[in-house]
Amino acid sequence: MDQEQIYSLLKKYKDGTASATEREQLLQWYRETAYQDAEFPDDEEAVGEAMLVRLNQETKPAKTKPIFRWVAAASAVLILGVAGLFITRMLTNDREKFAPRVVQSNIHPGGNKAILTLANGNKISLTDAGNGQIANQNGIKVTKAANGQLVYTITDRVDLSGAASSTNLDASNTIETPKGGQYQVVLPDGSKVWLNAYSSLKFPVSFANRNERRVELSGEAYFEVSHNKEMPFRVVTNRQTVEVLGTHFNVNAYAGDATTKTTLLQGMVRVTAANKSAILNPGQQAKLSSTLDVSEANTEEAVAWKNGYFNFDDEKLENIMRSVSRWYNVDVVFADQSLRNETFGAVTTRFASINTLLKMIEQTGDARFNIQGSTITITKRK
C-alpha cells in the first residue's frame, strides 16, 4: 500500500467505518512491516511500532503534522487503547545526524508487582501469590483476581451500620509497589485504585463505623471513587489533602518531585495544602510547588501511565527519566547537566523495550543514551 492508502485506512479505522476486510488489510500491513526486535514478538503489541517506523521513513515533516493526532488515536484503538500508542515528534531527514545510538539491553518493563502488609504485620508478595483468597481479616475477605487485581470484599460478619463481630476495625493495610511495579486495588467500599511504580497506599481494613474514607498515598495513583455523600473520601499525601464524594482523578505525589499534581477527570474535588484550598472541575489540574495553582490539564497525558503508555509532551528530560527509572527499575546519570531541562516528546506503550523509548527521545533532540547494566548514562550529541 502507498502512503495515501495507509492514511485512508487509519482514518476509517478511527472513525469506525472500516470494513472487516479493510481492518484485516491494515493489520496485515503492520505485521508485514513490523519492527524486527527480539524483544518484540510479531503480535499486536508490535503493530504500533511498525506504524511508527513506516511513517518516519515515508512521511515528510510537512505532511506529518496535520495527521499526527488521528494517527495516534487510530493506533490507540487498534491496540485496545492500552499497549499500542507509538508516536514521536517530526523527524529530520538527516538520518545520519539523528541515528539512534542506544545499545541493546536486558532491561525489561515493569508489571503487576506489589507487597501487601496486613494489619498484623504479615507481608504478602502479590507478585508470587496465587489467585484466590489470600487473607481474611475483620470480616473483610482479601482476594487476588486473575487479572492481577487485589479485591477487598465485605462478608456478612461486618455490619455496615457500625456494629462488627470481629476485632479492631481501625486496623489498616498497606500496599506498596516497587520500582518496576504497578497494581490495582478494589477497596472495601468498591472504590478502585491504580498504583503506579514505586508508590504506596495505606487504607483501613474496613470503612465501617467511620465518618470519612481516608487513605494515605505516597507516589502516584489513579482513583475511581464510589459515590457516598455521607462519607467523604480523602486522599492524604505528605503535602496536601484531596477530598471527594465520588469521582475519577489522578494524584502524582512522589516525594522526590518538586511538584505535586492532582488531575480531575470526572466529578469535583477540593485540594487543600497549607492554608489554601482549590476546587477542581473536570479537565483541570492543581499543581503544588511553592504555591497551589489551578490550570487546564492534558488529561490524556496525566493518566497515560494508568492506560498502559508513556505520554511526554514537551516534558523536561529530567522528569521523563524519573518515570523511566521508576518503571524500568534503572539508575540514571546525567553526564551533561544541561540536558536536564531540555524538553522532549514521545508516546509509546509502557510495555515496549526500553530501547524503543530511548530511540524515540534520541530522534527528537540532542540526548544520547548509553546503557551499562542497569545504569543509563545521558550525554549530549556531538
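The values are calculated or read from the model by the stated rules, or taken from the named source; none is laboratory data. Everything numeric here is computed off the predicted structure, so don't read it as measured data. Here the Cβ is made from the backbone with ideal geometry for all residues, glycine too, and neighbour counts use every protein chain on show.
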- Task: Confirm whether residue 276 is among the basic types (Lys, Arg), surrounded by fewer than 16 Cβ atoms within 10 Å (Cβ to Cβ) and either without any contact (Cβ under 8 Å) to a residue 60 or more places away in the chain or not assigned by TED's automatic domain parsing to the domain that holds residue 183 (or both).
- Result: yes
- Task: Please work out if residue 208 is modelled with pLDDT of 95 or more, outside any strand (DSSP E or B) and hydrophobic (A, V, I, L, M, F, W, C).
- Result: no
- Identify, please: which residue in the stretch 95-115 is of a type in the set (A, V, I, L, M), assigned to a loop (DSSP other than H, G, I, E, B) and modelled with pLDDT of 85 or more and is, among those, surrounded by the fewest Cβ atoms within 10 Å (Cβ to Cβ)? 107
- Among the residues of the stretch 243-252, which ones are under 20 Å from the mean Cα position of the chain (by Cα) and either modelled with pLDDT of 95 or more or part of a strand (DSSP E or B) (or both)? 248, 249, 250, 251, 252
- Task: Scan the stretch 361-382 and report the pairs whose first residue is over 14 Å from residue 346 (Cα atoms) and whose second residue is crowded, with 18+ Cβ neighbours inside 10 Å and among the polar types (S, T, N, Q), with Cβ atoms within less than 6 Å and a gap of 6+ or a chain change.
- Result: 371/105
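Table: residues versus (1) buried (at least 16 other Cβ atoms within 10 Å of the Cβ); (2) assigned by TED's automatic domain parsing to the domain that holds residue 277; (3) in contact (Cβ under 8 Å) with a residue 60 or more places away in the chain.
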site: 209; (1), (2), (3): no, yes, no
site: 214; (1), (2), (3): yes, yes, no
site: 220; (1), (2), (3): yes, yes, yes
site: 223; (1), (2), (3): yes, yes, no
site: 229; (1), (2), (3): no, yes, no
site: 232; (1), (2), (3): yes, yes, no
site: 235; (1), (2), (3): yes, yes, no
site: 239; (1), (2), (3): no, yes, no
site: 245; (1), (2), (3): yes, yes, no
- Can you pull out the residues in the stretch 211-226 that are farther than 20 Å from residue 306 by Cβ and either outside any loop (DSSP other than H, G, I, E, B) or not charged (D, E, K, R) (or both)? 211, 213, 214
- Would you tally the residues in the stretch 116-146 being outside any loop (DSSP other than H, G, I, E, B) and surrounded by 14 or more Cβ atoms within 10 Å (Cβ to Cβ)? 12
- Is one or more of the residues making up the stretch 207-215 among the β-branched types (Val, Ile, Thr) and closer than 26 Å to residue 148 by Cβ? yes
- Query: assigned to a loop (DSSP other than H, G, I, E, B), more than 20 Å from residue 301 (Cβ to Cβ) and not β-branched (Val, Ile, Thr) - does that describe any residue in the stretch 276-286?
  - Reply: no
- Name the residues in the stretch 279-331 that are touching a helix residue (DSSP H, G or I) at 6+ places or on another chain (Cβ under 7 Å), of a type in the set (Asp, Glu) and surrounded by 15 or more Cβ atoms within 10 Å (Cβ to Cβ), would you? 318
- Within the stretch 169-205, restricting attention to residues that are in a strand (DSSP E or B) and among the aromatic types (Phe, Trp, Tyr), which residue is surrounded by the fewest Cβ atoms within 10 Å (Cβ to Cβ)? 194
- Item | Selection count where residues are buried (at least 16 other Cβ atoms within 10 Å of the Cβ) and either part of a strand (DSSP E or B) or at pLDDT below 95 (or both), scope the stretch 254-265 | 6
